[in-house]
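The values are calculated or read from the model by the stated rules, or taken from the named source; none is laboratory data. This one's a predicted model, so the numbers in the text were calculated from it and none came from an experiment. Note: ideal-geometry Cβ built from the backbone for every residue, glycine included; neighbour counts use all protein chains shown. Accessible surface is based on the protein model in full, side chains and every heavy atom, while ligands, DNA and RNA are left aside. Shrake-Rupley method; radii C 1.70, N 1.55, O 1.52, S 1.80 Å.
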Amino acid sequence: MQKRKYMNPYFAGILLGLVLLSAMYFSGRGLGASGGLKYAVVAAVDAIDKTHVAESPYYSKYFENGEKPLKNWLFLEVLGMVLGGFISGAFSGRLKFKLEKSPNITNKTRLLFAFLGGVFFVYGAQLARGCTSGAALSGMAVLSVAGFVTMISIFGSAYLFAWFFRKLWI
């Protein structure tokens, strides 16, 4: 299968806005991925140690009224994002495992820094009580000052840290 061109970024932005509007209309909430991952972790902890979940004030609240974490809207949203990404990659001819990095670093270094970046990002999302899609995109969509501050902070910190870590890419 031949690779297709990437979608026009302005058109993709309009589609993202329509997806966000649809999510708000149909579910009463915006988009957000970190909450979906939290529900997956809670379900995993429950599968490993049910007594810990029952005794924990934090974990037990996810099971109140017979609720199941894997049936939560946020978890289903993340599952849909992952499946949609794979389907999109397959249709566009870009579905393959590939490690992108600078020729000056090893695969092990690249994977280590990717993992550390993910850890810091998830930690920051928990501190901020939401990820970029929840705090920034959904916040900006409802003209929340916090949404704009979040987006400015994300891009500002990315530019700052890019200077320090540019050797991982150049």
Tell me which aspartates and glutamates have Cα within less than 18 Å of K167's Cα, excluding those fewer than 8 residues away on the same chain?
E100
Would you tally the net charge around S56, using a Cβ to Cβ cut-off of less than 13 Å, leaving S56 out, and scoring K and R as +1, D and E as -1?
-2
Using the per-residue mean of other Cβ atoms lying within 10 Å as a proxy for protection, in what order, highest first, do the peptides 110-122, 126-138 fall?
126-138, 110-122
Packing rank of 76-83, 6-13, where each peptide gets the mean count of other beta carbons within 10 Å, highest leading:
76-83, 6-13
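Sorted from largest to smallest, which semi-axis lengths in Å does the alpha carbon gyration tensor of segment 1-152 give for its equivalent ellipsoid, taking the root of 5 times each eigenvalue?
In descending order the semi-axes read 29, 23, 18 Å.
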Ignoring ligands, DNA and RNA, what percent of the 1.4 Å accessible area of the chain is carbon and sulfur?
69 percent
With every protein chain kept in place and a 1.4 Å probe, segment 4-101 has an accessible area per residue in Å² of 74 Å²
Grab the DSSP H runs of the chain that are 4 residues or longer, score each as -39,500 (n - 2.57), total them, divide by all residues and round the 222 nm result to the nearest 500 deg cm²/dmol.
-20500 deg cm²/dmol
